[in-house]
1. When residues of segment 31-55 are filtered for being buried (at least 17 other Cβ atoms within 10 Å of the Cβ), in a helix (DSSP H, G or I) and among the hydrophobic types (A, V, I, L, M, F, W, C), how many remain?
2. Yes or no: Glu148 over 30 Å from Leu8 (Cα atoms) and modelled with pLDDT of 95 or more?
3. Given the options Pro203, Pro210, name the one that is surrounded by 14 or more Cβ atoms within 10 Å (Cβ to Cβ), under 16 Å from the mean Cα position of the chain (by Cα) and at pLDDT below 50.
4. Looking only at segment 74-90, how many residues end up being polar (S, T, N, Q) and under 16 Å from the mean Cα position of the chain (by Cα)?
5. Checking Asp129 against (1) surrounded by 15 or more Cβ atoms within 10 Å (Cβ to Cβ); (2) of a type in the set (Asp, Glu); (3) at pLDDT below 95, which test does it fail?
6. Has segment 31-41 got any residue that is at positive phi and touching a helix residue (DSSP H, G or I) at 6+ places or on another chain (Cβ under 7 Å)?
Amino acid sequence: MARQERALRTREALIRAGAEHFARDGFVAASLSTISRSAGVSNGALHFHFENKRALAQAVGEHARRTLRLVVEEAWAGGTHALPVLVEATFGLVRRLADDVVLRAGFELGAPAEGGGSSLRQEWRWRVDEMVGLAEAEGWIAPGARAEDVVTAVVAATVGFESMGREDRAWLSGDTVRGFWDLLLPRLTDQPAGLFFPTGKRPQSRYEMPPFDRMGGRAEGPSGA
């Protein structure tokens with residue numbers, strides 16, 4: 001059991017280190033030797049877990065995808081109507097992007113580095129499209145506001161926050177998200193703002209812990225597999 005736990009911690013350390021370098025340097029420039037050194041493990045330990053850089057990038061992308069799905073699921077857990085859930089999901093996503101380098105790397109990597117399939121940005125677009133479609137069916141979208149335009153605005157803004165946040169973390173703040181919704185909601189819905197921001201302030205995020213802390217403790221730089 002101790003050996004399995006050490007192997008799990010090593011894998012998590014490599015995913016986090018890989019994410020840090022992918023997010024900062026990009027997939028092409030990041031090197032496995034630098035990643036293994038940052039994780040505090042040998043090159044042999046890295047190759048025990050990941051055959052090559054693409055396999056590591058795929059693991060980063062898969063973990064980021066699970067985190068994105070968790071953000072949406074927890075937003076639904078706190079609400080019953082799709083439009084307030086969408087608002088909460090954008091707060092949760094931006095908060096996680098600020099705190100979670102694996103999620104940031106997942107957005108940065110895209111589909112090619114993950115070995116094909118849809119990108120994380122595309123999955124987020126699908127999630128937004130689903131929530132906006134449900135909000136329209138519930139009658140929460142005002143006449144004259146086209147659902148496809150709402151999807152475009154929300155996806156472009158949130159992905160833009162992620163992109164700008166690489167250089168200036170102020171973009172990944174609740175105030176930024178609140179400002180966006182303060183601008184959009186009056187044009188989008190006739191529902192009162194209190195249904196979205198009941199306290200009149202930025203909602204407190206439920207996303208406080210990095211994902212590896214949830215999985216049983218952050219890796220402390222193990223030296224082997």
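The values are calculated or read from the model by the stated rules, or taken from the named source; none is laboratory data. Predicted, not measured: the structure shown is a model, and the values here were computed from it. Quick reminder, even Gly has a Cβ in these numbers, built from the backbone with ideal geometry, and neighbours come from all protein chains shown.
1. Residues meeting the conditions: 5.
2. On the way: over 30 Å from Leu8 (Cα atoms): yes; modelled with pLDDT of 95 or more: yes.
Here the answer is yes, as Glu148 does meet what is asked.
3. Values: Pro203 fails: under 16 Å from the mean Cα position of the chain (by Cα).
Selected residue: Pro210, the only one of Pro203, Pro210 that is surrounded by 14 or more Cβ atoms within 10 Å (Cβ to Cβ), under 16 Å from the mean Cα position of the chain (by Cα) and at pLDDT below 50.
4. Keep residues of segment 74-90 that are polar (S, T, N, Q), which gives 80, 90.
Imposing the further condition that a residue be under 16 Å from the mean Cα position of the chain (by Cα) reduces the set to 90.
The number of residues fulfilling the criteria is 1.
5. Unmet for Asp129, out of (1) surrounded by 15 or more Cβ atoms within 10 Å (Cβ to Cβ); (2) of a type in the set (Asp, Glu); (3) at pLDDT below 95: (3).
6. Of all residues in segment 31-41, those at positive phi come to 40.
Now restrict to residues that are touching a helix residue (DSSP H, G or I) at 6+ places or on another chain (Cβ under 7 Å): 40.
Yes, segment 31-41 contains a residue that is at positive phi and touching a helix residue (DSSP H, G or I) at 6+ places or on another chain (Cβ under 7 Å).
A quick yes/no check of all residues on (1) basic (Lys, Arg); (2) surrounded by fewer than 19 Cβ atoms within 10 Å (Cβ to Cβ):
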residue: Thr152; (1), (2): no, yes
residue: Ala156; (1), (2): no, yes
residue: Phe161; (1), (2): no, no
residue: Arg166; (1), (2): yes, yes
residue: Gly174; (1), (2): no, yes
residue: Val177; (1), (2): no, no
residue: Trp181; (1), (2): no, no
